[in-house]
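Working notes, structure below.
The values are calculated or read from the model by the stated rules, or taken from the named source; none is laboratory data. Everything numeric in this text was worked out from a predicted model, so none of it was measured. All Cβ positions, glycine included, derive from the backbone under ideal geometry; neighbour counts span all protein chains shown.
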Amino acid sequence: MLSRAPRAIRLAARARTAAVASIPVPDASSDARRGRFVAAAAVSTAAAAAFAAANVAAAEEAPAGTDVTTPEFAKRPNVLFVLGGPGAGKGTQCERLVKECGFVHLSAGDLLRAERKSGSAHGDLIAKYILDGRIVPVEITVSLLAKAMAESGRTRFLIDGFPRNENNFEGWKAVMGDSVDVEGVLFYDVDDETRLDRLLERGKTSGRTDDNADTIQKRFRVFKEETMPVVSHYDKLGRVFRIDGAPEVDQVFKATLRAVAPVVKKEAVAAAQAMLDAADSLDWEAYAALCEPDMTAVEDETHGATVCGLEFHKFYFDEGKRAAEAAKAAGKPLPARRSAMLSPTVSLQTPNVAVVSYTRAVQSLAGTANFAETRVFMAHDGVWRCAHLHRSRAGEMPAASVAPAGSSDALHTPAPISKDALDKIYEAALRPAAE
Ligand SMILES: Nc1ncnc2c1ncn2[C@@H]1O[C@H](COP(=O)(O)OP(=O)(O)OP(=O)(O)O)[C@@H](O)[C@H]1O
Ligand SMILES: Nc1ccn([C@@H]2O[C@H](COP(=O)(O)O)[C@@H](O)[C@H]2O)c(=O)n1
């Protein structure tokens, strides 16, 4: 069982609690550091400390009884950066994604404005940078993002208006490292003239100190000179989902949904693979966390009937464990098996309903059996759970043809599927399927 902060975040936090707690920030008037790359090591120590403190606090604050079972696969947070010129519609589209797809939206600008209002020691500095349209030093921004991520207790994030320059980019890498999967950048493309009109209109009611003609021009310049190189970096990696942000909001949202579909599909495949891993290792808690409580299933064991609920499945985990313990007590080799997902296809019915179909190849000492499986997943708040399973036996190979002499030891402990193999699975799953 996990408490509110995802385990990966809490582990990172624990490993970093020894770091310095205060965040050194350059003076707003210091030209020497303005716009310059801040050494990754400095960022790492200071902001990681804030990250650590935030995460530990989030874990400790979780009131008793609020533990949630977060599926194993979902423990490493997924991040999509959201970029585009000022007024491109980033916040507007993020709001829709939150509502319809269960992302957590963290706007770096909003967090900075809230920090300024909170009376923080950095308030004056933030106010000055925002008024000048300049990018606040990453030590401040990344620690606010890390704190908000930890406090959300969730694992799927839209990080809006970040990374805005090289300093942001390096600071993020130094603090987050590999603890987070950055899926790519949603980039909203809108010409300057349209964005200027939008911002001046927004300025009539937004109360933002930077929605005025003078600051807007400065922000536009910073966007071109500092943010676009970050976008180009991700572009070269093939990680930019470019969206025409000029049409009306609903139309842009349709394009946004198409852009996030590969990320969403990848999550559904990962959820299916996590179920297979949990079944292979007889980890009932992990398996159950990946199921809707009223999951329905049709499989060979049900003889054509549809079973509803989890008790039917738990029986096999309990008995499997008992058989393993009996084998161990008798000094016999432990029964083991390993499942691989072959040729998966994912069909997204809605952003929150995915049908994942594949051939499941199950290896064991008894031989290899193939099953045709379909799992229907539903996402709530960005967490996928299986609502229906259909499995039919699709073929079998006896042990003699698959287990070379002397290889049995290697099968006693099922090895987790390798990252390369998983990447291949994702690649296959994300190919435009005949949906
Ligand atoms: N597709 C659209 N068509 C017309 N107006 C839009 C569209 N998208 C957003 N707007 C409006 O344009 C203004 C700017 O949008 P929004 O705040 O979402 O942009 P942003 O990219 O988040 O801006 P910033 O980076 O300055 O915070 C808002 O008033 C919003 O209502
Ligand atoms: N990574 C960031 C993001 C924003 N800022 C400052 O906030 C201003 C407003 O940002 P919006 O995304 O809400 O438009 C921006 O002009 C910067 O001054 C920042 O420093 N770093």
message = Which pairs turn up if I take residues in the stretch 137-151 that are under 14 Å from Val79 (Cα atoms) and look for partners that are among the aromatic types (Phe, Trp, Tyr) with beta carbon separation below 6 Å, at least 6 apart in sequence or on another chain?
response = Val142/Trp172; Ala146/Phe51
message = For the list (1) among the acidic types (Asp, Glu); (2) more than 9 Å from ligand 1 (Cβ to nearest atom); (3) modelled with pLDDT of 95 or more, I need the number of the one condition that Asp181 fails.
response = (3)
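So that you can scan it fast, the table gives a plain yes or no per residue for (1) more than 11 Å from ligand 1 (Cβ to nearest atom); (2) in contact with a Leu (Cβ under 8 Å, 6 or more places away or on another chain); (3) modelled with pLDDT of 95 or more:
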residue	(1), (2), (3)
Asp132	yes, no, yes
Thr141	yes, yes, yes
Gly161	no, yes, yes
Gly171	yes, no, yes
Asp192	yes, no, yes
Glu201	no, no, yes
Asn212	yes, no, yes
Ile216	no, yes, yes
Glu225	yes, no, yes
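Take Arg385 and decide whether it is at pLDDT below 95 and at negative phi.
no
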request  = For residues that are more than 14 Å from ligand 2 (Cβ to nearest atom), surrounded by fewer than 23 Cβ atoms within 10 Å (Cβ to Cβ) and under 13 Å from the mean Cα position of the chain (by Cα), scanning just the stretch 81-125, find the one that is nearest to Arg219 (Cα to Cα).
outcome  = Val104
request  = Within the stretch 149-167, count every residue that is within 13 Å of ligand 2 (Cβ to nearest atom), closer than 21 Å to Thr92 by Cβ and out of contact with any helix residue (DSSP H, G or I) (no Cβ under 6 Å at 6 or more places or on another chain).
outcome  = 1
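How many residues are acidic (Asp, Glu) and modelled with pLDDT of 95 or more if we restrict to the stretch 301-317? Write out each step before concluding.
Going through the stretch 301-317, the residues acidic (Asp, Glu) turn out to be 301, 311.
If we keep only those that are modelled with pLDDT of 95 or more too, we end up with 311.
Final tally of qualifying residues: 1.
Residue-by-condition table, conditions (1) surrounded by 17 or more Cβ atoms within 10 Å (Cβ to Cβ); (2) at pLDDT below 90:
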| site | (1), (2) |
| --- | --- |
| Ala324 | no, yes |
| Ala329 | no, no |
| Ala336 | yes, yes |
| Pro344 | yes, no |
| Ser347 | no, no |
| Thr350 | no, no |
| Val353 | no, no |
| Ser357 | yes, no |
| Arg360 | yes, no |
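Could you pull out every one of the helices (runs of 4 or more DSSP H) wholly within the stretch 226-333 that has 3 or more residues that are free of Cβ contacts under 8 Å to residues at least 40 places away in the same chain? Show your work before the answer.
Details: elements: 228-236, 249-280, 284-289, 311-329.
Filter on the stretch 226-333 gives 228-236, 249-280, 311-329.
Within the stretch 362-385, restricting attention to residues that are of a type in the set (A, V, I, L, M) and under 16 Å from Asp280 (Cα atoms), which residue is surrounded by the fewest Cβ atoms within 10 Å (Cβ to Cβ)? Talk me through it step by step, then tell me what you get.
The first filter runs over the stretch 362-385 and keeps only residues of a type in the set (A, V, I, L, M), leaving 362, 365-366, 369, 372, 376, 378-379, 383.
From what's left, under 16 Å from Asp280 (Cα atoms): 362, 365-366, 369.
Details: Val362: 18, Leu365: 16, Ala366: 14, Ala369: 17.
Once the filter is applied, the top-ranked residue is Ala366.
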